[in-house]
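Asker: Before anything else, here's the structure in question.
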Amino acid sequence: MNDPVDINIAHINNAEIINNALDKEAVFEIFERFTPDALAPFYKFQQTWVNKSHAVFKNFDTYLILMHLKQKIYVDYSDRFHYMSVDAFYNQDKVAIEKINLIQISKSLNIPKETVRRKINFLQKKDIIFRSSKSIYLNSKALEIIKPTATLPMLAIFFEKMSNILSKENWFGRSLKRENIEQFVKDHYTVCWEYFYRFQIPYLTRHRKTFGDLESWNVWGSIAIAQTSAFNKDLKKIFREKLTSYEDYFLSMLKFKPERGINASSISDISGIPRATVIRKLRTLEKKFLIRRSNKLEYTLGPAKKLKVIKENYLINQKAISDFCTTMFNLMKNSKFKIN
């Protein structure tokens, strides 16, 4: 390990300083060897976070735009060598943001400019964004609706699982407990959440591009998680040891034929997306051969040969998850704020 890293300057160099502590490729290699164990807690967290995000506006694009604006605040704090705890950040009455650039938001999120304009106008009508003199602010209402109260403990569970896996390697050191992880994020919230958004916004944007919209991805994802869960339960130890990469795992999971799929009503209950919308998305996904429908009107994933684009996106995202973990573990282990 190298000397402790100062996270107040690490962001300036795109985390190059941080990455000198724990090597991204080394972490990724370990995660690939323990794919089933590594992915299960992440998918549980991600599904809960996405569903709660959708519930705020009943529209993913609106929430994604609000995330983009909030990320600008975190970056601005970092640029001023400033960080805040979760309580300090959310106890503010309002938070100033830089000038809203519709073209920049459109390019960053791959959302049409006119859609961005409509969503910004919606946020203004709801008084979530407001102007005072020449400044633009997010009010306390905006901060409260995106406060990760329920999902932060789940994220801590995910990191605890990852640290248990990595602690078997001498270069990682001891594992971390979920309560310490959760407290660390709370104490250094704006720094941690800047990196979370650096991971999460591109993660969501890639899915949006692949599926056309995030509602379709969430419907497909509900099917994928159900099939992954059944696959993991059915995995024999000998076969599990043969899955030495994310690609091996993904292709084996697609070939797996679960006894039961998941129906439209269950997907609607899980995702919070209206059943009529779920059915429309299912029909489109089925026409694209991304899912299969049984005689019992239950859905499983489509044939592997039809999911080339999905596989490519999946592999990119697994690397992004691993890199995010590397960054966060460096914050917790190798910055001046490290967990003792």
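Asker: Being of a type outside the set (Lys, Arg), surrounded by 22 or more Cβ atoms within 10 Å (Cβ to Cβ) and under 30 Å from LEU282 (Cα atoms), is that true of even one residue in the stretch 158-169?
Answerer: yes
Asker: Also, I was wondering about something else. State all residues of the stretch 321-337 that are over 14 Å from the mean Cα position of the chain (by Cα) and either closer than 16 Å to HIS188 by Cα or aromatic (Phe, Trp, Tyr) (or both); if no residue qualifies, say none.
Answerer: Hits for the stretch 321-337 are THR327, PHE329, ASN330, LEU331, MET332, LYS333, ASN334, SER335, LYS336, PHE337.
Asker: Something else now. If I go through the stretch 29-67 residue by residue, how many of them are of a type in the set (Gly, Ala, Ser) and modelled with pLDDT under 90?
Answerer: So the answer is 2.
Asker: Hey, another quick one. Restricting to the stretch 267-291, and then to whatever is part of a helix (DSSP H, G or I) and of a type in the set (A, V, I, L, M, F, W, C), can you tell me which residue is nearest to ILE316 (Cα to Cα)?
Answerer: Per the criteria, the residue is LEU285.
Asker: Take residues that are touching a strand residue (DSSP E or B) at 6+ places or on another chain (Cβ under 6 Å) and tell me which of the helices (runs of 4 or more DSSP H) falling wholly in the stretch 134-221 contain 3 or more.
Answerer: Where helices (runs of 4 or more DSSP H) fall fully within the stretch 134-221, none carries at least 3 residues being touching a strand residue (DSSP E or B) at 6+ places or on another chain (Cβ under 6 Å).
Residue-by-condition table, conditions (1) in contact with a Phe, Trp or Tyr (Cβ under 6 Å, 6 or more places away or on another chain); (2) assigned to a helix (DSSP H, G or I); (3) free of Cβ contacts under 8 Å to residues at least 40 places away in the same chain:
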site: LEU254; (1), (2), (3): no, yes, no
site: SER265; (1), (2), (3): no, yes, yes
site: LYS296; (1), (2), (3): no, no, yes
site: VAL309; (1), (2), (3): no, yes, no
site: GLU312; (1), (2), (3): no, yes, yes
site: MET328; (1), (2), (3): no, yes, no
site: MET332; (1), (2), (3): yes, yes, no
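Asker: Hey, GLY272 hits all of (1) surrounded by fewer than 14 Cβ atoms within 10 Å (Cβ to Cβ); (2) on the phi > 0 side of the Ramachandran plot but one; which does it fall short on?
Answerer: (1)
Asker: Pairs only if they're at least six apart or on different chains, beta carbon under 9 angstrom, first in the stretch 119-130 and farther than 20 Å from ALA96 by Cβ and among the β-branched types (Val, Ile, Thr), second in a helix (DSSP H, G or I) and modelled with pLDDT under 95; list them, first residue then second.
Answerer: none
Asker: Hey, another quick one. Output the residues belonging to the stretch 275-296 that are surrounded by 12 or more Cβ atoms within 10 Å (Cβ to Cβ) and aliphatic (A, V, I, L, M).
Answerer: VAL278, ILE279, LEU282, LEU285, LEU290, ILE291, listed by residue number.
Asker: I'd like to know if the stretch 229-238 contains one or more residues that are out of contact with any helix residue (DSSP H, G or I) (no Cβ under 9 Å at 6 or more places or on another chain), of a type in the set (D, E, K, R) and outside any helix (DSSP H, G or I).
Answerer: yes
Asker: Which pairs turn up if I take residues in the stretch 136-149 that are at pLDDT 85 or above and look for partners that are assigned to a loop (DSSP other than H, G, I, E, B) and buried (at least 17 other Cβ atoms within 10 Å of the Cβ) with beta carbon separation below 7 Å, at least 6 apart in sequence or on another chain?
Answerer: ILE136/ILE100; LEU138/ILE128; ASN139/ILE128
Asker: Check whether at least one residue in the stretch 80-102 is among the basic types (Lys, Arg) and more than 24 Å from PHE60 (Cα to Cα), and report yes or no.
Answerer: Yes, the stretch 80-102 contains at least one residue that is among the basic types (Lys, Arg) and more than 24 Å from PHE60 (Cα to Cα).
The values are calculated or read from the model by the stated rules, or taken from the named source; none is laboratory data. Predicted model, so just to flag it, every value in this text is computed and none were measured. So basically every Cβ, Gly included, is an ideal-geometry build from the backbone, and we count neighbours across all protein chains shown.
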